1. Among DSSP beta bridges whose residues both lie in the range 18-183, state the antiparallel percentage, nearest 5.
2. Helix 221-235 sits at what angle to the longest principal axis of the chain, using alpha carbons and giving 0 to 90 degrees rounded to 10?
3. Please list SER143, SER196 from largest to smallest accessible area, probe radius 1.4 Å, with all protein chains kept in place.
4. Is it possible to state the helix-based mean residue ellipticity at 222 nm for the chain, with each DSSP H run of 4+ residues giving -39500 (n - 2.57), the sum divided by total residues, to the nearest 500 deg cm²/dmol? What is it?
5. Take every Cα pair under 8 Å in the range 136-285 that's 6+ residues apart, average their separations, divide by the length, and report that relative contact order as a whole percent.
6. Per residue, what accessible area does the range 36-114 have, given a 1.4 Å probe and all protein chains present, in Å²?
7. As I understand it, the value is the acute angle between the Cα axis of helix 68-77 and the longest principal axis of the Cα atoms of the chain; what does it come to in degrees, rounded to 10?
8. For a test of the definition: using alpha carbon positions, the gyration tensor, and the 1.5 limit on a/c, classify the range 94-249 as rounded, prolate or oblate.
Amino acid sequence: MTSVPKKRAPRLAAGRARALGMPTRGTTNPNRLRRVDRWILGTPWVAAAVRDAAEPVVIDLGYGATPVTTVELADRLRPLHPALRVVGLEIDPDRVAAGKAVADPPALDFRRGGFELAGLAAGIRDFPGPALVRAFNVLRQYSEAEAWKYWDELCARLGPDGLLVEGTCDEIGRRCCWVVLDRGGPLTFTMACLPSDLEKPSDLAERLPKTLIHRNVPGEKVHAMLAELDACWATAAPMAPFGPRARWAHAVRLFADRGWPVLDRHRRWRLGELTVPWSTVAPDP
C-alpha cells in the first residue's frame, strides 16, 4: 500500500543566515506601509521602544521583491534615535541583492534571513535583541496554527522591551490591520484605512492578521467588534457631507461612547485609525 507523504515543516534555507521560513509573494509598492510607519512614529509607547533602546536595531522582516519599504522605514524612524540601524531580511537571495544595492551600513543594511532573524535575535553573541520587528504580509501564506507559532518564536527573539508589529495590508496600503506584541504576547489591535476607500468598516476584515481572519464569524469577538463599528458608521451617516474622515472619526467616537475600550484619540481617528486592547478581539481559547 502506498503511504501518503506527510506535509513537511518549513526548512531552514541553506546559507550563512540559516533562514527559517518560506519566500513571500514579494508584492510591494512605494508607500505601501506608510500607515503603519506613521502609527509607529506617532504612538508614544511604541516609538519609545526604539528611542529608549540601548541598541536601536529595527528589523523589516520579509520586505518583498524590492527594498523600497525598508528604505522608507529607515527614513521615517530616523528621528527616533541617531544610532538607528534598520535591517531588511529576506529569504530570496535576489531580493537580498536588490537591497544590498541601496544599503548604507550600518544605518541601513540587508541580510538573508527569516523568522530566526539572521543572527539579530536576543541572546546571540550578547546581542540584547531587536527593539522593533515589523513583519507585514508575511504570515498570510501560513496556517493559523503556524501564525501563532511564529508569533511566539519572534516574540522570544525580541529585546527586553522590544516590540513586534505584525499585520497585513492591501497592495497600495489603503486598508491595514496589525497587532503589536512584546515578549509576553499580543498587546493591541489596530485598524487603519483611507475612509473614502470603504463602504463600511467591516470591509477591513479582508486584511485581518492570520490569527484573526478565520475568526470573523458570529460568536467571535472580532466579528462583534466589526458589527458594532458598522452600526456606528451607519449612525454617523449625517457626517458624510463633511467627508469620509469626519464620518470615520464620529463613528469611532460613537463606538467608544458605547463602552468599547478605544486606546487612541480624535487626532488618530481623523487619520482613519482605531486601536483597541488585544483582549477586545482575542479568539476564545
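The values are calculated or read from the model by the stated rules, or taken from the named source; none is laboratory data. All figures in this text were calculated on a predicted structure; none of them were measured in a lab. With ideal geometry, Cβ positions are generated from the backbone for all residues, glycine too; neighbour counts draw on all protein chains shown. Ligands, DNA and RNA are excluded from the accessible area calculation, which covers all protein heavy atoms including side chains. Shrake-Rupley method; radii C 1.70, N 1.55, O 1.52, S 1.80 Å.
1. Working: 7 of 26 bridges.
Percent antiparallel among DSSP bridges in the range 18-183 is about 25.
2. The two axes meet at around 40 degrees.
3. Heavy-atom accessible area, descending, gives SER196, SER143.
4. Result for the chain, helices only: -8500 deg cm²/dmol.
5. Values: 251 pairs, mean separation 33.0, N = 150.
Averaging sequence separation for qualifying contacts and normalising by length gives 22 percent for the range 136-285.
6. In whole numbers, the range 36-114 has 38 Å² accessible per residue.
7. Orientation of helix 68-77: about 70 degrees from the principal axis.
8. Numbers: a/c = 2.47, a/b = 1.80, b/c = 1.37.
Prolate, since a/c reaches 1.5 and a/b exceeds b/c.
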